[in-house]
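The values are calculated or read from the model by the stated rules, or taken from the named source; none is laboratory data. None of the values given here were measured: they were computed from a predicted structure. So basically every Cβ, Gly included, is an ideal-geometry build from the backbone, and we count neighbours across all protein chains shown. The protein model used for the area step is the full one, side chains on, heavy atoms only, and it has no ligands, DNA or RNA in it. Shrake-Rupley method; radii C 1.70, N 1.55, O 1.52, S 1.80 Å.
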Amino acid sequence: MGQQNIMSFFSLKNDGKATESLKRRRQESDEEPVKIQRTGQSLLKEIPQKEPEASASEVSNDETAKKDDDGASKGAIVEEASKLVKLAEKEHVHKDLGKGDKFPYSKITKMLEKIEHESSRLQMTAQVSNFFLEALEKYGLPDKLVTIVYLFINRLGPDYEPDLELGLGEFILIKAISSCYGRALAQIKKDYDATGDLGLVAQKSRSGQPPMFKPPPLDIDSVFENLTKIAKTTGKDSQGKKINIINKMLAACDLNSFEAKFLIRSLEGKLRIGLAEKTVIVALAQAFLNYESKGKRVSPNTLADAENIMKEAFSRIPNYEVIIRKSFEHGVMNLLDHCSLTPGIPLKPMLAKPTKSVGEVLDRFQGEDFTCEYKYDGERAQVHLLEDGTVRIYSRNSEDMSQRYPDLIAITKDFIKKTDDNLTSDTPKSLILDCEAVAWDREAKKILLFQTLSTRKRKDVNEADIKVHICLFAFDLLYHNGVSLITKSLSERRQVLFDNFQTIEGKFQFANHVNSSNTDELQAYLEQSVKDSCEGLMVKMLHGPESYYEPSKRSRNWLKLKKDYLDGVGDSLDLVVVGAYRGRGKRTGGYGGFLLACYNDDTGEYETACKIGTGFSEEVLASLSTKLKSTEIEKPKAYYTYDTTTSSALPDVWFEPTTVFEVLVADLQLSPVYKAAHSEYGKGISMRFPRLLRVRDDKGVEDATTSTQVAEFYESQANVN
């Protein structure tokens, strides 16, 4: 359905702005100008561009060091901050600032609607920042702001807290809309088929069903409380209980404030307004600076510093409530003094940049001491020991995996080295270890494939029933006895690790490592790592500030070198399965291939990248058919960006985004069919000769390779070629 038809269908005003259909479908041909540009690379187009840079071989280490790990120079960051200061001043007009206990939900939904139709990220950031500032100015306390931020990002708490996920299925939401607004299920489904957006369907249904009596208006606290109740409701009759709560909120939705639209989208788990988490963090930094300055103008340099502080604090303590309350209490510029690592709160893990050759590694670390470690083919595991003796294990995306690994929890006290047989006062009482959990064959004493690890149950694991055993390979110590070590050098952290922990054969080991700068030795070590069932090597700076642990950053001070990378694009890609093609020949009756997409973390869209049909055993295909069958949907999600003009590229079935494939590709090229990073080049980027390496059960779909990363791989490949 076209833009005009959808808007007339709902009789809503769009004031000439882009509609959901235009923004989310992106069905224009590749020759049409790109209307919406929000990927990380395109943001730099909003600021003056520098002259083209020299090739990698011509750039000195000093010049490279002047850039952050996303490639943006400090000057560019400050210049962007300068624009943001001016935009925020222009937007800062607060009318309704009367004191009050309740913050209307309608104010949030009006702002979400405004953001949805805003194409400029800087303008969006200014709008969000001033909205946050208004909450601070109106209440003089951080409480409301905490709730507002969680509603803006559509979460109910930090990732590591259990039972706080929404993402309700379409059926229960259709049923709730039907029962609340007195419309037939068939009509609701028909409207949904026409728009692909249950939020719009709910808004239309609300507009056509005025209330017989006016219920109390929704406020953010009641909405947040009800969403939390819905997320935590389980067991017998849970569906009916959830529908009752939803109906009460739908009945109270204001006719003119988009409340029904965004309430349903929140329950679905996708606001689809293009608001990235990094935008929220920048907006928070600016809001607190302006609140603290009490009307005085904030300098661009101060804003740029505050943004970096806020990002660093969140990477250490990924909890918005903690960050907001600490900023309010101590000031945003002092935030890092009050946001130290805390056992029980997983920090965002440091990541490595891919590299293609031993020679490239030696060029990067020229004149520096570095170390090489085996890159184990397992699951990232962050082990926390709390002061009360509790042990927690977290995944790379902050999920609490403690239920999955009772066998690891059981040995934690055993691998902590006692300082004396009788005196244990110096024994670690709190710690955070960075490790890799690997499937281990105890009889053959060797590492097993990642696929073996993925067969373990994820919840309610009984240690006595475990058949796939685990060996934990520790490679870093981040926190020890109340002291954060992330600003110590790797050599110092490693020494504390060796001094305070002991290996347990087949259960707890230190990562295999070697220190060498000899090309032949490193090549031999790479080959040996592959023979030992590892993926390759991790190469890390060993001394000085550049060897500090950098939470959440994909740092140039850690490089990964896999055997598979040497003839490829420099890295494997983690892509989301969004569709499938019916099998033919011996694959008849199941899926024969899949449509994969990267994730645009600025817009929340999934952009198609390639078809894949190789690398699958018949067993894997059968397993995937069983797993994905239940996620089939009648039509693509509104936030899928794909080509509609090439029928052969359209899948036979579409899926909910639930599964991530790790794939290896020969190279990347511009494509008139696929849409990965399409806002960068007018055309998308596709992957040639993709081959499945494995299914990444340890990764969520929003942890997939981003559009910006795809563009970086493409550019890097072009430079190499």
Requested in this report: Find how much the distance from Arg688 to Thr228 grows on full extension, using 0.36 nm per residue of separation minus their present alpha carbon separation; answer in nm with one decimal.
Outcome: 161.2 nm
Requested in this report: List the lysines whose Cα lies under 24 Å from the Cα of Lys326, skipping any in the same chain that are fewer than 8 positions away.
Outcome: Lys99, Lys102, Lys138, Lys144, Lys278, Lys294, Lys296, Lys311, Lys348, Lys553
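Would you mind classifying segment 351-565 by shape? Square roots of the alpha carbon gyration tensor eigenvalues, ordered a ≥ b ≥ c; an a/c under 1.5 is rounded, otherwise it is prolate if a/b is larger than b/c and oblate if not. Before the final figure, lay out each step's value.
Numbers: a/c = 1.82, a/b = 1.27, b/c = 1.44.
Oblate.
Order the peptides 441-450, 329-338, 666-675 from the highest to the lowest mean number of other Cβ atoms within 10 Å of their residues. Provide the component values of the computation, followed by the final result.
On the way: 441-450: 13.9, 329-338: 16.3, 666-675: 19.2.
For the peptides 441-450, 329-338, 666-675, the packing ranking is 666-675, 329-338, 441-450.
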Report summary line: Set Lys353/Lys563; Lys457/Lys586; Lys204/Lys699, cut-off 25 Å on Cα-Cα distance; pairs above it are Lys457/Lys586; Lys204/Lys699
Query - Projected label distance in nm at Asn481 and Ile504, using a 7 Å step from Cα toward the beta-carbon - result: 2.1 nm
Requested in this report: Taking amide H positions as placed in the peptide plane 1.01 Å from N, state which residues far from Phe510 in sequence (5 or more) or on other chains have amide H under 5 Å from it.
Outcome: Ala474
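Which pairs in the list Lys261/Lys611; Lys375/Lys531; Lys175/Lys229; Lys635/Lys675; Lys531/Lys560; Lys445/Lys531 are over 22 Å apart, alpha-carbon to alpha-carbon?
Too far apart for the 22 Å limit: Lys261/Lys611.
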Report task. Return the distance in nm (one decimal) between the two label points of a simple spin-label model at Asp441 and Asn244, each offset 7 Å from Cα along Cα→Cβ. Result -> 5.6 nm
Report summary line: A student applying the Cα gyration tensor rule (rounded when a/c is under 1.5; otherwise prolate if a/b is larger than b/c, oblate if not) would label segment 170-268 oblate
Report summary line: With a 1.4 angstrom probe the carbon and sulfur portion of accessible area for segment 420-541, in percent, totals 46 percent
Query raised in the report: Under 5 Å between amide H atoms, partner at least 5 residues away or on a different chain: which partners does Gly615 have, H built in plane at 1.01 Å?
Result: Leu692
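Would you mind classifying segment 332-409 by shape? Square roots of the alpha carbon gyration tensor eigenvalues, ordered a ≥ b ≥ c; an a/c under 1.5 is rounded, otherwise it is prolate if a/b is larger than b/c and oblate if not. Walk me through the intermediate numbers first.
Details: a/c = 2.81, a/b = 1.49, b/c = 1.89.
Judged from the Cα gyration tensor, segment 332-409 comes out oblate (a/c at least 1.5, b/c at or above a/b).
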Query raised in the report: Where the convex hull is taken over the Cα atoms of segment 488-549, what is its projected area averaged over directions, in nm²?
Result: 5.2 nm²
Requested in this report: Could you please state, rounded to a whole Å, how far the C-alpha centre of segment 331-384 is from the C-alpha centre of segment 95-161?
Outcome: 33 Å
Query raised in the report: If you find the alpha carbon centre of segment 646-685 and of segment 483-519, how far apart are they in angstrom?
Result: 40 Å
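At a Förster distance of 25 Å, what's the computed FRET efficiency of Ser340 paired with Lys457, Cβ-Cβ distance as r, to 0.05? Could the numbers behind the result be given before it?
Values: r = 35 Å, r/R0 = 1.39.
Once the sixth-power term is evaluated, E becomes 0.10.
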Query - Spin-label model distance (nm) - Gln187 vs Thr626, 7 Å beyond Cα toward Cβ - result: 4.3 nm
Query raised in the report: If you place +1 on the Cβ of every Lys and Arg, -1 on the Cβ of every Asp and Glu, and leave all else neutral, what size is the dipole of segment 109-226 about its Cα centre, to the nearest 20 Debye?
Result: 620 debye
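Need one number: the % of Cα-Cα pairs in segment 115-244 sitting beyond the 20 Å mark. Please report the intermediate quantities before stating the final value.
Values: 5064 of 8385 pairs.
Cα-Cα pairs in segment 115-244 separated by more than 20 Å: 60 percent.
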Query - Efficiency of FRET between Glu715 and Asp237 - r from beta-carbon atoms, R0 51 angstrom, step 0.05 - result: 0.40
Query - Gain on full stretching of the segment that runs from Ser82 to Glu618 - 0.36 nm per residue minus C-alpha separation - result: 187.3 nm
Report task. Check each of the chymotrypsin sites (Phe, Trp or Tyr not before Pro) in segment 115-194 and keep only those in coil by DSSP with at most 10 other C-beta atoms within 10 angstrom; list them in order. Result -> none
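Taking a probe of 1.4 Å, how large is the accessible area per residue of segment 223-285, in Å²?
Each residue of segment 223-285 exposes 36 Å² on average to a 1.4 Å probe.
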Query raised in the report: Each residue of segment 182-192 in order: what ³J(HN,Hα) in whole Hz does its phi give by Karplus 6.51 cos²θ - 1.76 cosθ + 1.60, θ = phi - 60°, with x for Gly and Pro?
Result: x, 10, 5, 4, 4, 6, 4, 5, 5, 4, 5
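Given segment 587-697, what whole percent of its Cα pairs are spread farther than 24 Å?
Working: 1335 of 6105 pairs.
I get 22 percent for the Cα pairs in segment 587-697 exceeding 24 Å.
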